[in-house]
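Trainee: Below: one structure in C-alpha cells.
The values are calculated or read from the model by the stated rules, or taken from the named source; none is laboratory data. All values derive from a computational prediction rather than experimental measurement. Quick reminder, even Gly has a Cβ in these numbers, built from the backbone with ideal geometry, and neighbours come from all protein chains shown. Just the protein is used for accessible areas: all its heavy atoms, side chains included, with ligands, DNA and RNA removed. Shrake-Rupley method; radii C 1.70, N 1.55, O 1.52, S 1.80 Å.
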Amino acid sequence: MKIGIDIMGGDYSPKKTIHGAILAQKELTKETEIVLFGEQEKILAELHSFNVSANTFKIVHCPQVIEMGEHAVKGLKQKTKSSISVGFDYLASGKIDGFASAGNTGAMLVGGFYSVKAITGVIRPCISSVLPKENGGVGVLLDVGANADCKADVLYQFGILGSLFAQHVYGIKSPKIGLLNLGEEKTKGNLLTQAAYEIMEGSIDFNFIGNIESRDLFEESSDVIVCDGFTGNIILKEAEAFYKLIQKRGYNDEYFNRFNYENYGGTPILGLNKTVVIGHGISNEIAIKNMITLTKDVIEADLPIKIKETLN
C-alpha cells in the first residue's frame, strides 16, 4: 500500500506534516509506504532536524504550493506542479492508493472530482465528521460542508454513503440512519426534509430510523445522521467552538476530550473512485499522523468498491 501526503498543506507545514508522517510511519507496517509530495529541500531539511533518514520515505519534488486562501480551480490549473496537483496525478495513475492533505480544502475537493472522479451513480460526493457518543462509540454526520444545497435524493444517497462508511471503517454493524430535523414526527421540517423522509422511509439500502433532533446527536439512538452541508457545517463548527470553551476554562473530562479534532485526523471524500482524505488546516503532528492512519483504514475498507456494488 502507498499513501500519498501533501507535505506543504496546512498552517504548520512542512514541520508538523513531516513530524506527523514520521509518527505514522512508526505505527504502520513495513508493507505500507508513505509518499511525500512537496518541496524536496524543505522536506530533507525537516527530516534532518528530526534525525530521520531520507530513505524512510519516497519523496516527490513539487516546486509549487496551492496556498490556503487561493481559488481552488485557478490554483489547480495554474500550479500543475504543486503538491496537490502532482499528488492527484499519482492517485489517478495508480502510483499511490490514497492521497491526504490538510491544505486547501477547495483544491482537494475539486482535484478529487476532476482527477479520480465520482463513482458512477453518485450524485454528490460528500464529506463527514465523527461525533463522539456518550457510550464511548462514535457516530457519523454528513454532509458537513461540500454540498450546501441538496435535494431529497441526494440526502437519501448520503444515507447509503454514511452507512457504508460507518460499517466498514468504524465497524458499526447495521448502522442506524437518522435524518436531522427539527422534530421527530415525519411531517415536521422544511420541504427538503419532508421529501427526504418520504423516500428514506422503508429503504432497503440502509437501516432508517426516522427523524433525529440535534439534541440527540451524541446519544445512542442513531449511528449516522444525514443533513445538507450547510446545516452539517454549522453543527461541526459549533461543536469545535464548544470544545474550545471547555479547554479555555481548564475543564478536563474524558468524554469532552474526545471532541478534539486531533483524535480523528480528517475525513474522506465519500463517493469518489479512490481514497481522498481531507485534514483540518490547523492540524498538528498528532492530527497529521491520524489523518494518514485514517487514509490507510479507508483504503483497506475498499469503500469505492462497496459503494459501486451497493449502487448497482
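Trainee: Can you name the residue in the range 184-205 that is outside any loop (DSSP other than H, G, I, E, B) and out of contact with any helix residue (DSSP H, G or I) (no Cβ under 7 Å at 6 or more places or on another chain) and is also surrounded by the fewest Cβ atoms within 10 Å (Cβ to Cβ) among such residues?
Mentor: Applying the filter and picking the extreme gives Leu191.
Trainee: Same structure again: Just need a number here: residues in the range 134-182 that are open to solvent by less than 30 Å² (accessible area, probe 1.4 Å) and among the aromatic types (Phe, Trp, Tyr).
Mentor: Number of matching residues: 2.
Trainee: Need pairs with beta-carbon distance below 6 Å; first residue under 18 Å from Val224 (Cα atoms) and in contact (Cβ under 8 Å) with a residue 40 or more places away in the chain and within the range 176-205, second acidic (Asp, Glu) and surrounded by 14 or more Cβ atoms within 10 Å (Cβ to Cβ); sequence gap 6+ or separate chains.
Mentor: Every condition considered, the pairs that remain are Lys176/Asp223.
Residue-by-condition table, conditions (1) over 19 Å from the mean Cα position of the chain (by Cα); (2) modelled with pLDDT of 95 or more:
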{"residue": "Val140", "(1), (2)": "no, yes"}
{"residue": "Tyr156", "(1), (2)": "yes, yes"}
{"residue": "Pro175", "(1), (2)": "no, yes"}
{"residue": "Leu179", "(1), (2)": "yes, yes"}
{"residue": "Glu184", "(1), (2)": "yes, no"}
{"residue": "Thr187", "(1), (2)": "yes, no"}
{"residue": "Asn190", "(1), (2)": "yes, no"}
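Trainee: Kindly establish whether Ala24 is of a type in the set (A, V, I, L, M), over 11 Å from Gly103 (Cβ atoms) and in contact (Cβ under 8 Å) with a residue 12 or more places away in the chain.
Mentor: yes
Trainee: Among the candidates Lys16, Lys2, Lys58, Lys26, single out the residue that is of a type in the set (D, E, K, R), surrounded by fewer than 16 Cβ atoms within 10 Å (Cβ to Cβ) and either farther than 15 Å from Ile288 by Cα or in contact with a helix residue (DSSP H, G or I) (Cβ under 6 Å, 6 or more places away or on another chain) (or both).
Mentor: Residue meeting the stated conditions: Lys58.
Trainee: Report, by residue number, each residue of the range 99-137 that is more than 12 Å from the chain's Cα centre (by Cα), outside any loop (DSSP other than H, G, I, E, B) and within 19 Å of Lys306 (Cβ to Cβ).
Mentor: Those that are more than 12 Å from the chain's Cα centre (by Cα), outside any loop (DSSP other than H, G, I, E, B) and within 19 Å of Lys306 (Cβ to Cβ): Gly112, Ala118.
Trainee: Scan the range 241-296 for residues that are among the small types (Gly, Ala, Ser) and either part of a strand (DSSP E or B) or open to solvent by 20 Å² or more (accessible area, probe 1.4 Å) (or both) and jot them down.
Mentor: Ala241, Gly250, Gly266, Gly279
Trainee: Criterion first (open to solvent by less than 60 Å² (accessible area, probe 1.4 Å), of a type outside the set (Ser, Thr, Tyr) and farther than 25 Å from Leu180 by Cα) does Ile299 satisfy it?
Mentor: Considered against the rule, which asks whether it is open to solvent by less than 60 Å² (accessible area, probe 1.4 Å), of a type outside the set (Ser, Thr, Tyr) and farther than 25 Å from Leu180 by Cα, Ile299 comes out as yes.
Trainee: Let me ask something additional. Restricting to the range 58-74, name every residue that is in a loop (DSSP other than H, G, I, E, B) and either at pLDDT 95 or above or among the aliphatic types (A, V, I, L, M) (or both).
Mentor: Answer for the range 58-74, where residues must be in a loop (DSSP other than H, G, I, E, B) and either at pLDDT 95 or above or among the aliphatic types (A, V, I, L, M) (or both): Cys62, Pro63, Val65, Ile66, Met68.
Trainee: Any idea which residue in the range 1-50 is nearest to Ala301 (Cα to Cα), counting only those that are out of contact with any Leu (no Cβ under 7 Å at 6 or more places or on another chain), aliphatic (A, V, I, L, M) and not in a helix (DSSP H, G or I)?
Mentor: That would be Met1.
Trainee: Examine the range 75-96 for a residue that is open to solvent by less than 60 Å² (accessible area, probe 1.4 Å), outside any helix (DSSP H, G or I) and within 14 Å of Ile269 (Cβ to Cβ), and state whether such a residue exists.
Mentor: no
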